[in-house]
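Below: one structure in structure tokens.
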Number of protein chains: 2
Amino acid sequence: MFEFIVEATCGPARSGRLELPHGTVETPAFMPVGTQGTVRALSPNDLRGVGATLVLANTYHLHVRPGEQVIARLGGLHRFMGWDRPLLTDSGGFQVFSLAGTRRVDEAGVEFQSHVDGSRRTLTPERATEIQWLLGADIAMALDHVVPGEADRATARDAAERTLRWLDRCAQRHRTLAAGESLAGSNGPDDAPALPGAATSPPAASPALQTLWPILQGGAHVELRTEALGRMLELGTWTGLALGGLAVGEPKPVMHEVLAALEPRLPPALPRYLMGVGFPEDLVAAVERGVDLFDCVAPTRHGRNGSAFTADGPLNIRNADYREDPQPLDASCDCEACTAVSRGYLRHLFVAKELLGLRLLSLHNVRYLIRLAAEMRTAIRRHAFGSWADDWRRRYLPARPR
Amino acid sequence: MFEFIVEATCGPARSGRLELPHGTVETPAFMPVGTQGTVRALSPNDLRGVGATLVLANTYHLHVRPGEQVIARLGGLHRFMGWDRPLLTDSGGFQVFSLAGTRRVDEAGVEFQSHVDGSRRTLTPERATEIQWLLGADIAMALDHVVPGEADRATARDAAERTLRWLDRCAQRHRTLAAGESLAGSNGPDDAPALPGAATSPPAASPALQTLWPILQGGAHVELRTEALGRMLELGTWTGLALGGLAVGEPKPVMHEVLAALEPRLPPALPRYLMGVGFPEDLVAAVERGVDLFDCVAPTRHGRNGSAFTADGPLNIRNADYREDPQPLDASCDCEACTAVSRGYLRHLFVAKELLGLRLLSLHNVRYLIRLAAEMRTAIRRHAFGSWADDWRRRYLPARPR
């Protein structure tokens, strides 16, 4: 379980297979984001239909609503979401730093105010680990301290070092939970007597069902990240690792530089997850630099705004040019939006504010990124990633705004 | 084409088969409403998945946006919506009377103000027929003058008689269109040069592809309706007929009385479509009184409000009782909402304002009515409709509000 096999490489680009308790994830892979336990506007059947193999859910959001205890009593996150394939939960760190109102970080953890009801909550490394254990995703993430992409060296070092100390605490807590320690005493304000028919004690995860991945911080400072990486690898034997604190405001060339500099230092046997990255051109650039896994809300968020990824670059379906356009959104795509209806119809749905438009463009954009990852896998296995990427950029990038 | 075969009866209740250009509709049947060319929140695949065989689209809405010319140039309504099964368009009459701002009815037709852009438009019997011809649904409806359910006899007689005169004009226009008269000169303000790839002339319908059904008016006055029915049947040879102006404010017993009184007078060979009726108990009561076809926005509108039809009566999923309820929404249902997730999860989607909740409850409610119609077909074929209806009511109706 939690095995990763690199099956082909082409320069730093890799194609592999990640074995998880709920199934196999072929990499490179894009994971759609189910913020509140649902990939916005898409159902489990939709996700299976577009070929999603791994879905991310946000620990922060699920903790504040409906609460991890409710989800545990309803059978855990897989059953709650109706999703029987692999799941990953983030640590809640990123949302605390980006969404919560007032918050205070100290060595113990983060105190923050829920964006839903204003209640004061505390997220410690231990608590983040317990919440994720109750949610029961295949992959849990260690709590990290996220700073803006342009943070100076001192700020970045402070956050990276705290992240390492927190990692150690997360790993210890994960080990005691895996060893069978009960969470009975840790119930938060969400706790309530179980209903008839619900599990009487949280089913939670088991050592065979959940692994914990560390998150590397260090801002745009390569030497900080290199140092943190070394210490991270000393802290435990991991089954994967994440690169956090990138794509958070720093210029793209900086992100590319950091990825390229880190790549030779990353253990080849571990899958590498670049958090929060999800525009097509960024996926291609990151795979080129050895990244295996991605997540981002871009496909669904942009889809709801009428923006669609296509082989010829992005387009916005609200554009009046599409009013009577009988063509499919993207002729190379096999999703329902592209096979059942025309651009003219999709534009009508947006102009008429119909819910179906939000869903069809979300569905298409997720399908687009999953197909893009599949194309990259094929190109890597053919040892032709470089020429594939050149061709892909030639077609996707120069497109005039549409 | 447009053949209706009654296959079984049980008292006034009938089960039959309506053959239409785009497929067969087994009756009794419920048709979901695609107001703006989309059944709100549901895709063509969803509709196929829940077993919809006939979908209604609103002529008024499609006329004001995007315009019938746009739809015709995009290949007609079937292709526009991505729906290859039978379609019915209403005449626009009901929406003009219920939605439009200021409106003026005279013998020529209705002048009204678009609810979208405030523009002044005129709907005559000829124009309503032309618009529907361009849309190209299997069944078009004649323009009718709708009055409130409690209209007095004089008002109801005036509207019923105008509806008959308009029917004659609709039928004449439909005949000239079916005989091949071009609509080239009738382009409205929506007209624009066709794009490359679009049909250069509207594909429109053909006599083999569209039939026109009359609508019977007369309010709650049985003798008015009886008289109007006789004159309607003299005006042409129809392939079906609709009962309009019911379920528009009159008490339910009044509607039941009108249906029961009319039933023996309706030609048995014509399918009978009761417009705008769509609550489960109303479907059962109307099938009991010889009705074959129904449409209503209730399943999708109520679904979006969190209200679900179930075998044990309606429930509202927002209710706090469902917070940790692991049961399916309706254990007897086979839709995605009922098979993939729990009531607890569906409630979470509504509380968290997630789009998926709107869709899953809409999907379920439409599936519920389609399954209800299928159950009624089976009961009629077994000549056991009465006892089936008793059993159904015993379970569905007394339910306490949930």
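Among A:ALA373, A:PRO251, A:ALA311, whose Cα lies farthest out toward the positive end of the dipole of chain A, if unit charges sit on the beta carbon of Lys, Arg (+1) and Asp, Glu (-1)?
Value computed over the given set: A:ALA311.
Okay, moving on. Using the alpha-carbon atoms, what tilt in degrees (0 to 90, nearest 10) does helix B:355-381 show relative to the longest principal axis of chain B?
Value to nearest ten degrees: 90.
Work out Dmax and Rg for chain A from the C-alpha atoms and quote the Rg first, both in angstrom.
21.0, 62
About the Cα centre of chain A, how large is the charge dipole given +1 on each Lys and Arg Cβ and -1 on each Asp and Glu Cβ? Please answer in debye to the nearest 20.
Computed about the Cα centre, the dipole is about 700 debye.
Follow-up. What's the magnitude of the charge dipole for the protein assembly as shown around its Cα centre, counting Lys and Arg as +1 and Asp and Glu as -1 at the beta-carbon? Answer in Debye, nearest 20.
The dipole of the protein assembly as shown has a size of about 240 debye.
For A:ARG17 and B:ASN45, what does the FRET efficiency come to when R0 = 30 Å and r is the distance between their Cβ atoms, rounded to the nearest 0.05?
0.50
Evaluate 2.2 N^0.38 Å with N set to the residue count of the protein assembly as shown, then give the Cα radius of gyration divided by it.
Output field value: 1.08.
Hey, if you put +1 on the Cβ of every Lys and Arg and -1 on every Asp and Glu Cβ in region A:51-175, which of A:LEU62, A:SER98, A:VAL110 ends up farthest toward the positive end of that dipole?
Looking along the dipole axis, the top candidate is A:LEU62.
Something else about it: Under the √(5λ) rule applied to the eigenvalues of the Cα gyration tensor, what semi-axes describe the equivalent ellipsoid of region A:34-100? Give them in Å, descending.
Each semi-axis is the square root of five times an eigenvalue, giving 20, 14, 9 Å.
So the label point sits 7 Å from Cα along the Cα-to-Cβ vector; using that for B:LEU235, what distances do you get to the other copies, in nanometres, sorted shortest first?
Spacings between copies for this position, smallest first, are 8.0 nm.
What whole-number value in Å² describes the accessible area per residue of region A:1-157 for a 1.4 Å probe?
Result: 30 Å² of accessible area for each residue.
Can you list, shortest first in nanometers, how far A:ARG381 lies from the same residue in the other copies, with each label 7 Å from Cα toward Cβ?
With the label placed 7 Å along Cα→Cβ, A:ARG381 yields 4.6 nm.
Counting pairs of alpha carbon atoms under 8 Å apart in space and at least six apart in sequence, what relative contact order in percent does chain A give?
18
On to the next question. Divide the volume of the convex hull of the Cα atoms of region A:8-47 by its number of residues and quote the answer in cubic angstrom per residue.
102
Quick check: residue separation of A:ASP390 and A:ALA320 times 0.36 nm, minus the Cα distance between them. What number comes out in nm?
Stretched fully, the A:ASP390-A:ALA320 segment lengthens by 22.1 nm.
Express in Å², to the nearest 10, the accessible area of B:HIS364 obtained by rolling a 1.4 Å probe over the protein heavy atoms while all chains stay in place.
Answer for B:HIS364: close to 0 Å² accessible.
Counting only protein heavy atoms, what percent of the accessible surface of chain A is carbon or sulfur at a 1.4 Å probe?
52
How big is the antiparallel share of DSSP beta bridges in the protein assembly as shown, given as a percent to the nearest 5?
Just about 50 percent of them are antiparallel.
Can you list the residues in region A:312-355 whose accessible area drops by at least 50 Å² when all protein chains are present, compared with the chain alone? Use a 1.4 Å probe, heavy atoms only.
Residues of region A:312-355 that lose at least 50 Å² of accessible area once the other chains are added: A:ARG323, A:GLU324, A:PRO326, A:GLU336, A:TYR345, A:HIS348, A:GLU354, A:LEU355.
Report the FRET efficiency, 1/(1 + (r/R0)^6), for B:THR339 and B:ALA374, where r is their Cβ-Cβ distance and R0 is 22 Å, rounded to 0.05.
Once the sixth-power term is evaluated, E becomes 0.80.
Taking 0.36 nm per residue of separation and subtracting the Cα-Cα distance, what length does fully extending B:ARG231 through B:ALA260 add?
8.5 nm is the gain from fully extending B:ARG231 to B:ALA260.
Arrange the peptides A:271-277, B:257-263 so that the one whose residues have, on average, the most other Cβ atoms within 10 Å appears first.
Highest mean packing first, the order is A:271-277, B:257-263.
Turning to a different aspect of this structure: For region A:1-136, give the magnitude of the charge dipole about the Cα centre (Cβ charges: +1 Lys/Arg, -1 Asp/Glu; no others), in debye to the nearest 20.
Charge dipole, region A:1-136, about its Cα centre: 380 debye, nearest 20.
Turning to a different aspect of this structure: Among the lysines, which fall within straight-line cross-link reach of A:LYS353, defined as a Cα-Cα distance under 27 Å, with same-chain neighbours fewer than 8 residues apart omitted?
The qualifying lysines are B:LYS353.
Are there residues in region B:71-95 whose accessible area shrinks by at least 30 Å² when all protein chains are included rather than the chain by itself, and which are they (probe 1.4 Å, ligands and nucleic acids not counted)?
At a threshold of 30 Å² (probe 1.4 Å), the residues of region B:71-95 that become less exposed are B:LEU74, B:PHE80.
Something else now. What nm value, rounded to one decimal, do you get for the distance between A:SER332 and B:HIS383 when each label is placed 7 Å out toward the C-beta?
Each label point lies 7 Å from its Cα, and together they span 6.4 nm.
Is it possible to state the helix-based mean residue ellipticity at 222 nm for chain A, with each DSSP H run of 4+ residues giving -39500 (n - 2.57), the sum divided by total residues, to the nearest 500 deg cm²/dmol? What is it?
Theoretical 222 nm ellipticity from helices: -12000 deg cm²/dmol.
No solvent, one uniform scatterer per C-alpha: report log10 I(q)/I(0) for region B:43-181 via the Debye equation at q = 0.12, 0.17, 0.20, 0.22 1/Å, two decimals.
Once normalised to I(0) and log-transformed, intensities are -0.51, -0.96, -1.21, -1.34.
If you take the beta carbon distance between B:ARG175 and B:ALA154 as r and set R0 to 30 Å, what does 1/(1 + (r/R0)^6) give as a FRET efficiency, to the nearest 0.05?
Computed FRET efficiency for B:ARG175 and B:ALA154: 0.40.
Whole-Hz Karplus ³J(HN,Hα) for region A:8-18, in order, using 6.51 cos²θ - 1.76 cosθ + 1.60 and θ = phi - 60°, x for Gly and Pro?
With the stated coefficients, region A:8-18 comes to 7, 10, 8, x, x, 5, 10, 10, x, 9, 10 Hz.
Okay, moving on. Report the A-B buried area as the accessible area lost on both sides summed, probe 1.4 Å, in Å² to the nearest 100.
Counting protein atoms only, the buried area is about 3800 Å².
Residue farthest toward the positive end of the dipole of chain B, with Cβ of Lys/Arg at +1 and Asp/Glu at -1: which of B:TRP133, B:PRO280, B:LEU360?
Working it through, the farthest residue towards the positive pole turns out to be B:LEU360.
What angle, in degrees between 0 and 90 and rounded to the nearest 10, separates the Cα long axis of helix B:252-262 from the longest principal axis of the Cα atoms of chain B?
It works out to around 60 degrees.
Okay, next question. Using Cα atoms only, what is the angle between the long axis of helix B:125-135 and the major principal axis of chain B, expressed in degrees (0 to 90) to the nearest 10?
60
How far apart are the A:ASN305 label points across copies, placing each 7 Å from Cα toward Cβ, in nm, shortest first?
With the label placed 7 Å along Cα→Cβ, A:ASN305 yields 3.4 nm.
OK, next. What accessible area, in Å² to the nearest ten, does a 1.4 Å probe give for B:VAL6?
60
Let me ask something else. Could you work out, for region A:293-402, what percent of all Cα-Cα pairs fall into each 10 Å distance bin, beginning at 0 Å and stopping at the bin that holds the largest distance?
Calculated P(r), rounded to whole percents: 15, 45, 29, 10, 1.
The values are calculated or read from the model by the stated rules, or taken from the named source; none is laboratory data. Small disclaimer: the values here were computed from a predicted structure and weren't measured. Glycine gets a Cβ as well: all are built from the backbone with ideal geometry, and neighbour counts include every protein chain shown. Just so you know, the surface numbers come from the protein's heavy atoms only, side chains and all, with ligands and any DNA or RNA stripped out. Shrake-Rupley method; radii C 1.70, N 1.55, O 1.52, S 1.80 Å.
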